[in-house]
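The block underneath contains the structure these notes are about, expressed in structure tokens.
Please treat every number below as a calculation from the coordinates, not as lab data. This one's a predicted model, so the numbers in the text were calculated from it and none came from an experiment. Every residue, glycine among them, receives a Cβ derived from its backbone with ideal geometry; neighbour counts consider all protein chains shown.
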Amino acid sequence: VLQNLSQTPVLRELLKEAKMPGTTVKIESPELFMEPQLIKLDQPGPLTLAMYQFLTEMQETKRGVVTPKELFAQVCKKAVRFKGYQQQDSHELLRYLLDGMRAEE
């Protein structure tokens, strides 16, 4: 899930802009034929910042291994079910991760 998210350019760019409070982001969707929306962002929450930090490290690292310790810790704060390193479904992680970041808006 995290490798797929790290290869999503729109998400990476949005998180790069979101890390700076007071930024206004223009969201366009030509596929949906919607008017562009301007959204003013507040201070990002800890999960959003951890996600930004992880994606940046994934893109910029020269090492072969990246460990998402801080991101995992933030996910566990939002969804206690992930504590303890038990096996979980990847789609559940994706849902809790994205819902958690959206809740921090």
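Can you return the lysines within cross-link range of K69? Criterion is Cα-Cα under 24 Å, with same-chain partners fewer than 8 residues away left out.
Leaving aside lysines fewer than 8 places away in the same chain, those within reach of K69 are K16, K19, K77, K78, K83.
Can you find, among T24, Q43, Q7, the residue sitting farthest towards the positive end of the charge dipole of the stretch 1-103, where Lys and Arg contribute +1 and Asp and Glu -1 at Cβ?
Q43
Before rounding to the nearest 500, sum -39500 (n - 2.57) across all DSSP H runs of length at least 4 in the chain and divide by the residue total; then give [θ] at 222 nm in deg cm²/dmol. List each step's numbers first, then the result.
On the way: 5 runs with 54 residues, N = 105.
Value at 222 nm, helices only: -15500 deg cm²/dmol.
Working only with C-alpha atoms, what are the Rg and Dmax values of the chain, expressed in angstrom?
Rg then Dmax for the chain, in Å: 14.7, 44.
7 Å from Cα along Cα→Cβ at both Q88 and I27: what's the point-to-point distance in nm?
Those two pseudo-labels are separated by 2.4 nm.
Taking the Cβ of D89 as the centre, find all other residues whose Cβ is under 12 Å away and add up their charges (Lys, Arg: +1; Asp, Glu: -1).
Numbers: positive: R81, R95; negative: E92.
Here the charged neighbours net out to +1.
Give me the number: length gained by fully extending K40 to V66, i.e. 0.36 nm times residue separation minus the C-alpha to C-alpha distance, one decimal in nm. Present the calculation step by step, with values, prior to reporting the outcome.
Details: separation 26, 0.36 × 26 = 9.36 nm, distance 3.15 nm.
Residue separation times 0.36 nm, minus the Cα-Cα distance, leaves 6.2 nm.
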